[in-house]
1. Once you wrap a convex hull around the alpha carbon atoms of region 68-131, what is its projected area averaged over all directions, in nm²?
2. For region 45-128, what is the relative contact order in percent, using Cα pairs closer than 8 Å and at least 6 residues apart in sequence?
3. Show the residues, 5+ positions off or on another chain, whose built amide H is closer than 5 Å to the amide H of L271.
4. Give the calculated FRET efficiency between C141 and I308 to the nearest 0.05, with a Förster radius of 22 Å applied to their Cβ-Cβ distance.
5. When each pair of different Cα atoms in region 92-194 is counted once in the 1/r mean, what is the Kirkwood radius in angstroms, to one decimal?
6. Roughly how many nanometres apart are two label points built 7 Å out from the Cα toward the Cβ at C51 and D186?
7. Within the set of other residues whose C-beta is less than 10 Å from the C-beta of N133, count the net charge using Lys and Arg as +1 and Asp and Glu as -1.
8. Sorted by average packing, counted as other Cβ atoms within 10 angstrom per residue and highest first, what order do 254-260, 226-232, 237-243 take?
Amino acid sequence: MINDNNSNMDRTQRTLRPQPLQKEKVLQHEDQPMQMQQQQQQAGGKKCPFCGSVNDPEAMFCAQCGQPISKASCPHCGAEIDPDADFCETCHHYIRKDVCSFCGAHLSGNEAYCPECGSPRGGLVCPTCHTLNEFSFCKKCGTALTEEARMMVKELQRNPDYQSLMEIVQDFAKLENALPYNSERDILREQMNIKLRERVLTLLAQDEGIENPVISKPESKRMTKEELEEQRAAKIRMLSAILDKLAVPTTTSPAKARNFAMASKPVGVRLAWVCNYKHAMHSSPCGCAKPQMGGKWVVLGKNNNAEIKDDK
C-alpha cells in the first residue's frame with residue numbers, strides 16, 4: 001500500500017511540473033487582446049510618413065511633428081493638393097481665400113482689396129506685358145507690380161552679392177552672343193583684316209606727315225568654340241555660387257518667399273527656379289505650390305534644352 005501511494009504521488013508531481021509553462025501561455029493569451037487593440041488603433045489611425053506617429057483618421061497635420069499627412073482638393077479643378085499649399089500646380093490658380101497672395105496678410109474673405117497692401121483680390125495687370133497676375137511680380141516678365149515689391153528690388157540692388165551677380169550676368173550675356181571661329185579659315189581671314197586695317201591707317205598717317213605711325217592692334221573678342229565654352233562654364237560656376245548665396249530659405253509665408261525670389265532674379269540670363277518642395281524646375285516660384293520650403297535659381301543659358309514644367 002505504501003509503495004502504491006508513493007508511486008501515485010510521483011505520478012501526481014510529474015503531472016504538476018508543467019504548470020509554469022501553462023502560466024506563460026495564459027499571460028500570452030492575456031497580451032494578445034492588448035496587441036490586437038493596438039493594431040486596431042494603428043489601423044484606424046493615420047500614420048505620419050515623416051515621423052511615424054499615429055494620428056486621428058481625420059487629422060490633416062501630424063500632432064507630433066506638424067507635417068501634412070492628408071491631401072486636400074483644389075476648389076477650381078479638384079486636383080489633389082497638400083493642405084498647406086496655396087497654389088494649384090495643375091490648373092495654375094491661387095486657392096487661398098483667407099491670405100493675400102501679394103503680401104501674405106490675413107483676409108476675412110469679403111474684402112475687395114487687401115487691407116495691408118491695398119492689392120485687388122482679382123489680380124494685377126502687368127503694365128509691361130499686360131499679363132494678369134495674382135502675385136507681386138509678373139510671372140511672365142518679372143516686373144515688380146506692388147510698392148512692396150519695388151522697395152524689395154531697390155534694397156537688393158544695394159546688396160554687394162547682387163551687384164556682383166549683375167556684373168557677371170553682363171559678362172555672361174556677351175559670351176552668349178559671341179560668335180566663335182568655325183574653322184581655320186575664319187582665323188586667317190581675321191588676321192588678314194587686321195593687317196589690312198594696319199596698312200590703311202599707316203598710309204593715312206603718312207599722308208598727314210607722320211613718317212613712322214604707331215598703329216594699335218585691335219583687341220579681338222572672337223575665340224574658338226572650345227575657348228568660348230570654357231569661359232561660359234567658368235561664368236556659370238560664378239553665377240551659381242552667388243545664386244546659392246541668394247537662395248530662398250525656409251519660411252512660413254509663401255508670399256514672402258515668392259517676393260524675395262523674384263526680386264533677386266537677375267535679368268539678362270535664362271534661369272529656372274528649382275524648388276525644395278518637389279525639386280521640380282519651374283519658370284518662377286509663381287508656379288510652385290509651396291515656395292515657403294525654399295529654393296533657388298539655376299542657370300540654363302540659351303543652349304540648354306532642360307524642360308521647364310510648372311505642373312510637375
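1. For the Cα atoms of region 68-131, the hull's average projected area reads 5.2 nm².
2. 13
3. Correct list: L300.
4. Values: r = 16 Å, r/R0 = 0.71.
In this case the efficiency is close to 0.90.
5. Its Kirkwood hydrodynamic radius stands at 17.5 Å.
6. With each label placed 7 Å out from Cα toward Cβ, I get 6.0 nm.
7. +1
8. Highest mean packing first, the order is 254-260, 237-243, 226-232.
The values are calculated or read from the model by the stated rules, or taken from the named source; none is laboratory data. Keep in mind that what you see is a predicted model, and the values were worked out from it rather than measured. Note that each Cβ is placed from the backbone with ideal geometry, even for glycine, and that neighbours are counted across all protein chains shown. These accessible areas exclude ligands, DNA and RNA; they are computed on the full protein's heavy atoms, side chains included. Shrake-Rupley method; radii C 1.70, N 1.55, O 1.52, S 1.80 Å.
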